[in-house]
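Participant: The structure that follows is given in the form of structure tokens.
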């Protein structure tokens with residue numbers, strides 16, 4: 001088992017973060033939750049149950065690489081809660097994956113699924129390595145060996161992985177194929193739903209790839225409508241230009257929103273005339289980062305956060321907005337495309353400055369909602385058209401947003417606390433009805 005020091009380390013020194021010590025991610029989610037506990041007067045016994053994951057797995061497994069070298073890898077799977085349904089959550093490949101990060105992210109998935117009224121609980125996992133250092137053959141070997149090592153700790157009605165940072169539909173195809181082949185069953189087609197986020201060819205859903213970014217956009221539209229703010233002609237900054245950031249920027253561009261500042265772990269750029277979000281996405285797909293993009297002026301991380309924009313979308317790593325960054329932000333609204341991008345100090349400073357925050361468990365829930373639709377399609381042997389998936393997603397996202405607005409007004413709390421309050425009330429209702437056995 002990894003040492004506690006390693007498992008709870010911060011991301012200090014990573015190019016995308018500031019050069020000061022970050023808060024522990026699991027402590028951040030715990031502090032956020034306590035505000036919601038107080039707001040709805042949650043019973044202490046239910047709070048105790050929800051305060052820790054049910055299962056924390058750390059797996060060391062060997063992989064024979066294409067070169068013939070055998071290398072040991074460390075994998076994680078944290079299963080937070082399954083009172084509402086199977087554990088559900090991504091698998092990330094990143095050199096800084098650590099246990100408390102997986103615990104926090106698994107916990108967030110529990111609240112996200114409960115808020116969205118999905119029949120799922122929260123899970124999260126990952127493998128600690130830099131996928132950019134390996135070719136497709138070795139990534140397949142690592143993925144298949146990790147899936148084999150997980151064994152019966154995942155399953156289509158027990159724990160359902162999905163893509164996350166450093167993984168994609170190809171990763172999910174390999175995971176699904178490995179799982180199907182190590183579990184002999186007459187229901188081989190049914191076992192496809194052991195993961196979501198697969199390619200269309202392997203049983204994935206239309207609309208899944210853009211779903212998280214699309215959900216971010218629905219939240220921005222709802223916010224703009226309530227504020228009587230015209231999106232046409234407004235400006236945008238995006239931190240992290242992977243799946244979520246790039247899709248959000250491309251969809252918003254069709255509404256007249258101009259991307260004027262962008263950054264990732266390799267650096268930050270500004271273009272007052274606006275970036276072409278499609279060309280930017282093509283560059284990132286080729287280079288795996290923004291590094292070397294010719295269409296903008298290179299700026300510092302501090303200058304990026306101080307960019308004069310209307311909408312700020314953090315869609316990179318967690319814990320990017322501390323008090324220093326929150327003091328610099330000039331946007332009218334921060335929409336959390338990433339999980340946990342704002343720490344407790346950043347939250348407080350943004351609130352004091354009157355900058356709206358649309359929290360992660362609401363803003364970026366589009367991905368898990370369409371994952372649920374994929375799982376349902378696999379379960380029913382159906383294939384939905386793209387417009388059906390998108391219309392279902394839109395209805396659910398807009399309904400969830402309004403529920404959070406109403407709860408915030410009723411409890412006189414911020415949107416983050418209101419989001420947690422809705423999720424906790426749904427979990428509390430089930431625990432009250434079922435009780436604790438024996």
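Participant: Let me spell it out: the conditions are (1) touching a residue at least 40 places away in the same chain (Cβ under 8 Å); (2) in contact with a strand residue (DSSP E or B) (Cβ under 9 Å, 6 or more places away or on another chain); (3) part of a helix (DSSP H, G or I); (4) within 28 Å of residue 90 (Cβ to Cβ), and residue 346 meets all of them except one. Which number is the exception?
Facilitator: Against the list (1) touching a residue at least 40 places away in the same chain (Cβ under 8 Å); (2) in contact with a strand residue (DSSP E or B) (Cβ under 9 Å, 6 or more places away or on another chain); (3) part of a helix (DSSP H, G or I); (4) within 28 Å of residue 90 (Cβ to Cβ), residue 346 comes up short only on (1).
Participant: Report, by residue number, each residue of the range 129-149 that is touching a helix residue (DSSP H, G or I) at 6+ places or on another chain (Cβ under 9 Å) and under 21 Å from residue 99 (Cα atoms).
Facilitator: If the condition is that a residue be touching a helix residue (DSSP H, G or I) at 6+ places or on another chain (Cβ under 9 Å) and under 21 Å from residue 99 (Cα atoms), then 129, 131, 142, 143, 145, 146, 147, 148 are the ones that fit.
Participant: In the range 226-245, which residues are buried (at least 19 other Cβ atoms within 10 Å of the Cβ) and in a helix (DSSP H, G or I)?
Facilitator: Across the range 226-245, the qualifying residues are 243, 244, 245.
Participant: Checking the condition in a helix (DSSP H, G or I), under 30 Å from residue 49 (Cβ atoms) and in contact with a helix residue (DSSP H, G or I) (Cβ under 6 Å, 6 or more places away or on another chain), which residue from 418, 351, 326 passes?
Facilitator: From the options 418, 351, 326, the qualifying one is 418.
Participant: A further question on this structure: Residues in the range 185-225 that are closer than 17 Å to residue 252 by Cβ and in a helix (DSSP H, G or I): how many?
Facilitator: 15
Participant: Taking only pairs six or more apart or across chains, which ones have beta-carbon atoms under 8 Å, a first residue in the range 183-199 that is in the same structural domain as residue 144 (by TED's automatic domain parsing), and a second residue that is surrounded by fewer than 11 Cβ atoms within 10 Å (Cβ to Cβ) and modelled with pLDDT under 95?
Facilitator: 189/381; 191/185
Participant: Pick from the range 271-319 the residues that are in a strand (DSSP E or B) and in contact with a helix residue (DSSP H, G or I) (Cβ under 7 Å, 6 or more places away or on another chain): which of them is surrounded by the most Cβ atoms within 10 Å (Cβ to Cβ)?
Facilitator: Among those that are in a strand (DSSP E or B) and in contact with a helix residue (DSSP H, G or I) (Cβ under 7 Å, 6 or more places away or on another chain), it is 313.
Participant: Select from the range 153-202 the residues that are modelled with pLDDT of 95 or more, over 24 Å from residue 364 (Cα atoms) and surrounded by fewer than 15 Cβ atoms within 10 Å (Cβ to Cβ) and list them in ascending order.
Facilitator: Within the range 153-202, 201 is the sole residue that qualifies.
Participant: Does residue 209 satisfy the condition of being surrounded by fewer than 24 Cβ atoms within 10 Å (Cβ to Cβ), without any contact (Cβ under 8 Å) to a residue 60 or more places away in the chain and closer than 19 Å to residue 368 by Cβ?
Facilitator: It is true that residue 209 is surrounded by fewer than 24 Cβ atoms within 10 Å (Cβ to Cβ), without any contact (Cβ under 8 Å) to a residue 60 or more places away in the chain and closer than 19 Å to residue 368 by Cβ.
Participant: On to the next question. Could you run through the range 94-118 and say how many residues are closer than 21 Å to residue 404 by Cα, more than 14 Å from the chain's Cα centre (by Cα) and in a helix (DSSP H, G or I)?
Facilitator: Residues that pass the stated criteria total 2.
Participant: Within the range 329-338, take every residue that is touching a helix residue (DSSP H, G or I) at 6+ places or on another chain (Cβ under 9 Å) and within 15 Å of residue 248 (Cβ to Cβ) and give me the one that is surrounded by the fewest Cβ atoms within 10 Å (Cβ to Cβ).
Facilitator: Among residues in the range 329-338 that are touching a helix residue (DSSP H, G or I) at 6+ places or on another chain (Cβ under 9 Å) and within 15 Å of residue 248 (Cβ to Cβ), the one surrounded by the fewest Cβ atoms within 10 Å (Cβ to Cβ) is 333.
Participant: Further question: Of 16, 28, which residue is modelled with pLDDT under 95, part of a helix (DSSP H, G or I), outside the structural domain of residue 146 (by TED's automatic domain parsing) and under 24 Å from residue 94 (Cα atoms)?
Facilitator: 28
Participant: Does residue 301 fit the bill of being modelled with pLDDT under 95 and not assigned by TED's automatic domain parsing to the domain that holds residue 135?
Facilitator: Here the answer is no, as residue 301 does not meet what is asked.
The values are calculated or read from the model by the stated rules, or taken from the named source; none is laboratory data. Just so we're clear, the structure is a prediction, and the values are computed from it rather than from any experiment. All Cβ positions, glycine included, derive from the backbone under ideal geometry; neighbour counts span all protein chains shown.
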